[in-house]
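Read through the structure below, which is laid out as structure tokens, and then see the notes.
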Amino acid sequence: MRTPEEELAEIRASGLWRQVRSFDPIPGAMECLLDGRRLVHWASNDYLGLANSEELRTAFQEAVGKLGAGAGASRLVVGTRPAHLALEEELAAFKGAEAALTFSSGYVAAVSAIPAIVGKGDVIILDKLCHACLIDGARLSGATIRVFPHNDLEKLRSHLEWARKQVDAKGRILIAAESVYSMDGDFGDLAGMVALKEEAGALMLVDEAHGVGLYGPHGEGRADALGLGDRIELRMGTLSKAVGLAGGYLCASRAWIDLLINSGRGWIYSTAPPPAMAETVRCALRIIQGSEGERRRGRLWENVAALDTALGLTGLDLSPIRPVVVGQSEAALALSEDLRSRGHHVPAIRFPTVSKGTARLRVSVSADHSLEEIESFAGALRELRHFSD
Ligand SMILES: *Cc1c(COP(=O)(O)O)cnc(C)c1O
């Protein structure tokens with residue numbers, strides 16, 4: 001039997017060692033203490049700066065005072081707290097969907113929902129760059145899995161043709177993709193995929209983890225901003241990134257949501273998130289949809305434009321994620337360390353989060369970064385030669 005120490009030694013030898021660092025954000029700034037070192041951080045998915053905002057701090061405290069700390073049991077066993085029901089109603093209205101269901105995280109939403117939608121005898125087709133939770137949900141489902149190269153619609157079309165022949169009259173075909181890809185920051189070709197899935201009579205699940213809060217006039221997400229919302233059966237996302245809190249959601253027709261309530265195992269067999277969390281998410285959604293949300297989105301896009309200009313990047317999709325692909329794991333770690341010594345915390349992303357040979361720094365921009373921080377960071381990165389011509 002191999003020991004965990006032996007396995008860890010292999011992980012270390014291949015440059016894939018992961019370690020936990022103490023990260024302490026400094027309220028009101030994009031600075032943090034990382035293992036005690038004061039750095040500007042470019043690592044958080046809190047794109048709108050809501051997680052540490054005065055508004056949500058206050059709302060969370062008040063909600064705990066009103067609703068208590070824990071939920072106590074799963075929602076079917078003890079009953080569902082009004083805060084969860086109100087949140088789901090508001091989420092559905094926000095997304096223009098018939099119904100919504102919330103989960104303790106986006107990851108749990110995917111691994112609960114996908115196996116409730118497809119199973120043995122069905123086919124699930126994933127974009128190659130899909131997040132681990134979509135892959136894990138697909139594996140757990142028992143459906144036959146097909147993968148197409150990132151945004152390759154021709155390959156998707158041929159998978160759909162193949163799948164049509166595989167499934168019987170009751171069989172389902174589900175396409176899973178993201179609206180904004182988490183490690184590349186580029187867009188999924190949603191319009192192209194929706195057209196193909198309609199032609200094939202398939203279903204579509206879009207993960208808006210990096211879209212919700214950011215796109216559309218009220219931050220509804222990219223699918224909705226493109227007017228595709230009501231043509232996508234299953235719209236999933238997280239409440240943990242731009243929304244600033246924690247949790248996952250799925251918006252769909254009443255029937256799909258009822259099916260998840262009846263067979264989504266990660267929802268049925270897990271304690272409900274604290275009701276104060278749901279209550280605070282309601283507050284975050286109001287902010288996102290209002291003028292404060294618009295102001296924060298405006299600042300975020302100004303910051304992204306400033307970073308692109310400072311780094312000489314052009315033609316990229318407008319997202320807060322900017323990858324700096326380095327190649328080898330060790331080189332990505334070294335660049336990350338060099339940037340830390342210059343005062344900036346940018347995480348190195350390695351296999352299996354991204355494919356081998358494409359290790360990178362993942363830069364995420366927030367509405368709360370200042371222009372000085374952007375200039376300083378871009379200067380450090382340029383100096384470290386990766387953007388020199
Ligand atoms: C972060 C992420 C998730 C998971 O959401 P959590 O709420 O953090 O569990 C799902 N999908 C994508 C694309 C993500 O980036």
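What is the set of long-range amide H partners of Ser74 at a cut-off below 5 Å, with H atoms built 1.01 Å from backbone N?
Under 5 Å from the amide H of Ser74 lie the amide H atoms of Ala272, each far enough along the sequence or on another chain.
Which residues' amide hydrogens lie under 5 Å from the amide hydrogen of Ala367, considering only partners 5 or more residues apart or on another chain, with H built in the peptide plane?
Correct list: Leu48, Gly49.
Given the -39500 (n - 2.57) contribution per DSSP H run of 4+ residues, what per-residue ellipticity at 222 nm results for the chain, rounded to the nearest 500 deg cm²/dmol?
Working: 15 runs with 169 residues, N = 389.
Roughly -13000 deg cm²/dmol at 222 nm, from the helical runs in the chain.
³J(HN,Hα) across the stretch 139-151 via Karplus (A = 6.51, B = -1.76, C = 1.60, θ = phi - 60°), whole Hz, x for Gly/Pro?
Once rounded to whole Hz, the list reads 5, 5, 6, x, 6, 6, 9, 10, 10, 10, x, 3, 6.
Given a 10 angstrom Cα cut-off, can you work out which residue in Leu316, Leu153, Leu174 is the most mobile in a GNM of the chain?
Leu316
Explain nothing, just compute: Karplus ³J(HN,Hα) = 6.51 cos²θ - 1.76 cosθ + 1.60, θ = phi - 60°, for every residue of the stretch 231-240 in order, whole Hz, x for Gly and Pro.
9, 10, 5, 10, 10, 10, x, 10, 9, 9
Would you work out what percent of the accessible area of the stretch 54-289, with all protein chains in place, is carbon or sulfur (probe 1.4 Å)?
53 percent
Compute the projected area of the convex hull of the Cα atoms of the chain, averaged over all viewing directions, and report it in nm² to one decimal place.
Averaged projected area of the chain's Cα convex hull equals 20.6 nm².
With a probe of 1.4 Å, find how much accessible area the chain has per residue, and write the answer as a whole number in Å².
Heavy-atom accessible area per residue stands at 44 Å².
Could you sort 113-126, 191-204 so that the peptide with the highest average Cβ count within 10 Å comes first and the rest follow in order? Numbers along the way, then the final one.
Details: 113-126: 22.8, 191-204: 17.6.
Descending packing order for the listed peptides: 113-126, 191-204.
For the pair Ser14/Glu154, report the inter-label distance in nm, with labels modelled 7 Å from Cα in the Cβ direction.
Inter-label distance under the simple model: 3.2 nm.
Once phi is turned into θ = phi - 60°, what whole-Hz ³J(HN,Hα) does the Karplus curve with 6.51, -1.76 and 1.60 give for every residue of the stretch 53-66, x standing for Gly and Pro?
After applying 6.51 cos²θ - 1.76 cosθ + 1.60, I find 6, 4, 4, 6, 4, 5, 4, 5, 4, 5, 5, 5, x, 7 Hz.
I want to check a number: in the stretch 54-289, how many lysine pairs have alpha carbons closer than 27 Å, given a sequence separation of 8 or more or different chains?
19
Expected output is a single nm value to one decimal: the length gained when fully extending between Ala191 and Arg231, i.e. 0.36 nm times separation in residues minus the C-alpha distance. What is it?
So the extension gain works out to 13.4 nm.
Quickly rank 224-233, 94-103 as a protection proxy: mean count of other C-beta atoms within 10 Å, highest first.
94-103, 224-233
Enumerate the amide H contacts of Ala99 below 5 Å, restricted to partners 5 or more residues apart or on another chain; note that Pro and chain-start residues carry no placed amide H.
Ala252, Arg254
Per-residue counts of other Cβ atoms within 10 Å, averaged by peptide: what ranking do you get for 79-85, 17-23, highest first?
The peptides rank, most packed first, as 79-85, 17-23.
The values are calculated or read from the model by the stated rules, or taken from the named source; none is laboratory data. In this text the structure is predicted, and so the values were computed from the model without any measurement. In this analysis, Cβ positions are derived from the backbone assuming ideal geometry, glycine residues included, and neighbour counts consider all displayed protein chains. Just the protein is used for accessible areas: all its heavy atoms, side chains included, with ligands, DNA and RNA removed. Shrake-Rupley method; radii C 1.70, N 1.55, O 1.52, S 1.80 Å.
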